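First, the structure itself, so that you have it in front of you.
The values are calculated or read from the model by the stated rules, or taken from the named source; none is laboratory data. From a predicted model like this one, the values you see are computed outputs, not experimental measurements. Neighbour counts are summed over all protein chains in view; Cβ atoms, including those assigned to glycine, are modelled from backbone coordinates with ideal geometry.
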Amino acid sequence: MKLTEEYEDLRKTVEAFAHDVVAPVIGELYEREEFPYDIVRQMGQMGLFGLPIPEEYGGMGGDYFALCLALEELARVDSSVSITVEAAVSLGAMPIYRFGTAEQRAEWLPKLTTGEMLGAFGLTEPGGGSDVPGGMRTTAVLDGNEWVINGSKAFITNSGTDITGVVGVAAITGRRADGRPEISTILVPAGTPGFTVAKKYSKVGWNCSDTRELAFTDCRVPAENLLGERGRGYAQFLQTLDEGRIAIAALSVGLAQGCVDECLRYVRDRQAFGHPIGHYQAIQFKIADMEVRTHTARLAYYHAAEKMLAGEPFKKEAAIAKLVSSNAAMDNARDATQIFGGYGFMNEYPVGRFYRDAKILEIGEGTSEVQRMLIARQLGLGDL
């Protein structure tokens with residue numbers, strides 16, 4: 001797929017920003033586990049947080065593929081910055097745009113699309129994992145004209161920054177006739193009494209992104225904070241997750257490509273046994289395999305995005321893209337670290353960050369096992 005001039009201009013702009021603005025400072029921020037507020041501010045000014053949102057809400061009027069291109073270019077340099085944008089848009093702003101009322105859109109989207117405010121989505125719970133409906137314990141009870149929320153959420157991105165403004169919270173709001181939970185989504189503004197944000201996690205990777213556990217204790221919000229229809233919260237999020245898998249695939253491709261980029265630079269300079277190490281077939285073949293994985297994964301997410309934008313079913317393609325791309329990121333990070341040798345184990349080199357950041361891509365927004373399950377179901381195997 002050849003990018004249109006508009007897409008290519010966006011890609012080049014974000015590529016330049018990542019190399020000129022992000023790359024010089026991200027290593028130090030990563031070591032300090034510091035959220036990159038200045039980088040976020042500049043990305044907001046560029047319009048990255050509003051790429052797929054219409055201009056009437058302060059967005060750029062683009063599409064989801066434009067967002068994916070931006071995520072890929074950011075992740076070529078650092079995944080923490082990329083996931084901050086991905087979560088803010090895909091999980092924070094897009095559900096409000098897709099399912100919110102006119103009043104909710106008018107209240108939240110103008111600030112979310114400019115990066116002045118970050119949104120988050122509270123779905124995963126400490127005991128839930130991939131079994132979202134079965135593991136959900138958070139409840140919301142309608143008391144007069146207020147929802148009263150009790151429960152907790154785990155691993156929530158962008159939920160505790162100084163500019164976090166709103167969190168969409170999935171909660172059980174009742175029981176269906178067959179006993180299954182009725183799950184709805186409720187918008188909870190930051191600072192609401194009863195809404196507690198824990199200390200940020202000590203993580204293996206993504207050290208410049210914000211990830212926290214949330215607690216709700218008799219947390220009250222207006223009844224009109226219900227996002228979309230009551231009882232449709234889980235269905236809404238499944239739709240959001242299908243789109244998000246394409247975005248995570250793009251991020252994964254960026255990390256995989258970043259590994260290739262760094263290795264190509266390194267093997268031309270690093271000398272061993274009288275030659276640059278890129279002279280040796282053992283290194284050449286390893287980098288060739290890395291390039292093959294990256295190219296294949298990129299085609300997979302391009303194809304999934306193409307089907308999504310065409311309004312065609314894309315669940316299987318999104319799962320394939322996420323599975324292939326996250327595998328490519330993990331494999332490339334491992335190979336890049338091996339090529340760098342001892343230096344690859346040092347945090348001063350980007351491949352050290354890439355190695356630490358890659359593993360979560362096989363877990364977040366649907367594990368690799370879940371992707372295989374979805375693909376099998378789409379092939380008609382789930383009913384055998």
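For (1) surrounded by fewer than 14 Cβ atoms within 10 Å (Cβ to Cβ); (2) at pLDDT below 95; (3) assigned by TED's automatic domain parsing to the domain that holds residue 269, each residue gets a yes or a no:
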| residue | (1), (2), (3) |
| --- | --- |
| 306 | no, no, yes |
| 312 | yes, no, yes |
| 320 | no, no, yes |
| 324 | no, no, yes |
| 354 | no, no, yes |
| 362 | no, no, yes |
| 383 | yes, yes, no |
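Counting only residues that are touching a residue at least 24 places away in the same chain (Cβ under 8 Å), more than 20 Å from residue 81 (Cα to Cα) and in a helix (DSSP H, G or I), how many does segment 351-384 have?
Total meeting the criteria: 8.
Pairs, please: C-beta under 8 Å, at least 6 apart or cross-chain, first residue farther than 12 Å from residue 286 by Cβ and without any contact (Cβ under 8 Å) to a residue 40 or more places away in the chain and in segment 331-344, second in a helix (DSSP H, G or I) and not aromatic (Phe, Trp, Tyr)?
Sorted first by the residue in segment 331-344, then by its partner, the pairs are 344/336; 344/337; 344/338; 344/351; 344/352.
Taking the residues in segment 364-377 that are of a type outside the set (Gly, Ala, Ser) and surrounded by 16 or more Cβ atoms within 10 Å (Cβ to Cβ) as candidates, determine which candidate is farthest from residue 249 (Cα to Cα).
The qualifying residue farthest from residue 249 (Cα to Cα) is 373.
Also: Please find, among 267, 260, 253, the residue that is part of a helix (DSSP H, G or I), touching an Asp or Glu at 6+ places or on another chain (Cβ under 8 Å), farther than 26 Å from residue 37 by Cα and not assigned by TED's automatic domain parsing to the domain that holds residue 137.
Details: 267 fails: touching an Asp or Glu at 6+ places or on another chain (Cβ under 8 Å); 253 fails: farther than 26 Å from residue 37 by Cα.
One residue alone meets the criteria, 260.
Another question, then. Exactly one condition in (1) more than 25 Å from residue 261 (Cα to Cα); (2) part of a loop (DSSP other than H, G, I, E, B); (3) charged (D, E, K, R) is false for residue 2; which is it?
For residue 2, the failing item is (1).
Being crowded, with 22+ Cβ neighbours inside 10 Å and either among the β-branched types (Val, Ile, Thr) or under 23 Å from residue 83 (Cβ atoms) (or both) is the filter here; which residues of segment 181-210 pass it?
183, 185, 186, 187, 188, 206, 207, 208, 209, 210
For segment 104-186, which fully contained strands (runs of 3 or more DSSP E) count at least 1 residues that are more than 24 Å from the chain's Cα centre (by Cα), in the same structural domain as residue 218 (by TED's automatic domain parsing) and in contact (Cβ under 8 Å) with a residue 40 or more places away in the chain?
Numbers: elements: 118-122, 139-143, 146-157, 164-175.
Because the criterion is at least 1 residues that are more than 24 Å from the chain's Cα centre (by Cα), in the same structural domain as residue 218 (by TED's automatic domain parsing) and in contact (Cβ under 8 Å) with a residue 40 or more places away in the chain, the strands (runs of 3 or more DSSP E) in segment 104-186 that meet it are 139-143, 146-157, 164-175.
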